[in-house]
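I have placed the structure first, in the form of C-alpha cells, so that the comments after it can refer back to it.
Read-outs throughout are calculated quantities, based only on the coordinates presented, and are distinct from any laboratory measurement. Small disclaimer: the values here were computed from a predicted structure and weren't measured. FYI the Cβ positions are ideal-geometry reconstructions off the backbone, even for glycines, and counts take in every protein chain you see.
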Amino acid sequence: MKSKFIITSAIVALFVSNLTMAEQNKPSTTESILVEQQLEVLEINKDERWVMLKDRSGFTKKVEVGEGARNFDQLKVGDLINVNYAETIQIKAFGKDAINMGEEAEAIFARTPEGAKPGGALAAAKTIVVTISNIDLKHNLVTLKDKQGNTRTFRPEIPGKLKQVKVGDKVAISVAKAMSISVDDDKK
C-alpha cells in the first residue's frame with residue numbers, strides 16, 4: 001500500500017473530468033478532507049476476531065475484524081496499522097439541458113494477497129443530478145428535486161451565487177471516498 005490514494009485519485013478524476021464540461025458561469029464548490037492515523041495493536045483475540053487498538057493520543061478501541069479480512073492471523077501485538085481516509089464532495093450547477101437527472105455509483109475494493117501483511121483499500125464515488133425547482137432570493141433558499149420528485153430546501157453558503165442559477169437548472173452532487181489500511185511491523 002505504498003501509493004496511498006491512487007484509487008481515490010482515479011475516481012475523483014473520473015467524476016471531476018465529467019463535470020468540467022459544465023457552463024463556466026454556473027457556481028460550483030469542492031471540499032476535501034484527508035485523515036491519516038497510525039494505530040498500535042495492543043491485544044488480539046483471533047478466535048473472536050477482534051483487536052484492541054491505541055492511537056497516538058492514548059485512546060483505545062476494540063475493533064471487530066470480519067471474516068473477509070485476509071491474513072488476520074499474521075497480525076501481532078505491537079504492529080502498527082496505518083489508516084488513510086480521504087473524502088471529496090463537489091457541487092456544480094449546470095444549465096437545464098447540460099446533463100440528465102439520475103445517479104451513478106462506482107466502487108473498487110482491493111485486499112493484500114494471501115500470505116502478505118493484512119491490508120486493503122476501498123474507494124467509492126457517487127454522483128446524483130437533481131433539478132432546481134425553486135429559488136427564494138428574499139430568504140436565500142434553493143429547493144432541489146430528485147428524479148423521484150422528492151424535494152429538499154437548502155441555504156447556500158454564499159447566497160449571492162443564487163443569482164447565477166435559475167429554476168430548471170441541474171445540480172450535480174458528487175462524493176468520492178477512499179480508505180486504505182496497511183500494517184507495519186513492530187515499532188521501530
Fill in the blank from the handout: In whole Hz, the Karplus estimates of ³J(HN,Hα) for the stretch 57-70 (6.51, -1.76, 1.60; θ = phi - 60°; x where Gly or Pro) are 7, x, 5, 10, 8, 8, 10, 6, 10, x, 4, x, 6, 6
Problem - Between 0 and 90°, nearest 10: helix 6-19 axis offset from the chain longest Cα axis - result: 10 degrees
Practice task
Report the full-extension gain for the segment Lys145 to Glu36: residue separation times 0.36 nm, less the Cα-Cα distance, to one decimal in nm.
Solution key: 35.6 nm
Exercise for the section: First select every other residue whose beta carbon is under 13 angstrom from the beta carbon of Ile33; then total the charges, Lys and Arg +1, Asp and Glu -1. Expected result: -2
Practice task
Among (1) 43, 17, 14; (2) 25, 20, 16; (3) 35, 17, 15, find the value of semi-axes √(5λ) of the Cα gyration tensor in Å that was calculated from the structure presented, and write down its label.
Solution key: (1)
Handout entry: Distance violations [Cα-Cα > 24 Å] among Lys96/Lys177; Lys92/Lys147; Lys46/Lys177
Key = Lys96/Lys177; Lys46/Lys177
Exercise for the section: Mind giving me the nanometre distance, one decimal, between the label points for Glu43 and Ile135, set 7 Å out from Cα along Cα→Cβ? Expected result: 5.9 nm
Exercise for the section: Can you spot the aspartates and glutamates whose alpha carbon is less than 17 Å from Lys163's alpha carbon? Ignore those fewer than 8 places along the same chain. Expected result: Glu23, Asp136
Fill in the blank from the handout: For the chain, averaging the sequence separation of alpha carbon pairs under 8 Å that lie six or more residues apart and dividing by its residue count, the contact order in percent is 28 percent
Handout entry: Surrounding net charge for Ser133, when Lys and Arg each add one and Asp and Glu each subtract one, Cβ distance under 15 Å
Key = +3
Completion exercise
Quick calc, the stretch 130-188, dipole around Cα centre from Cβ unit charges on Lys, Arg (+) and Asp, Glu (-), nearest 20 debye, gives 400 debye
Fill in the blank from the handout: Projected onto the charge dipole of the chain (unit charges on the beta-carbon of Lys, Arg, Asp and Glu, signs +1, +1, -1, -1), the Cα from Ala121, Ser174, Val77 with the largest positive-side position is that of Ser174
Exercise for the section: Give, in nm to one decimal, the length gained when the segment between Asp185 and Glu114 is fully stretched (0.36 nm per residue of separation minus the Cα-Cα distance). Expected result: 23.8 nm
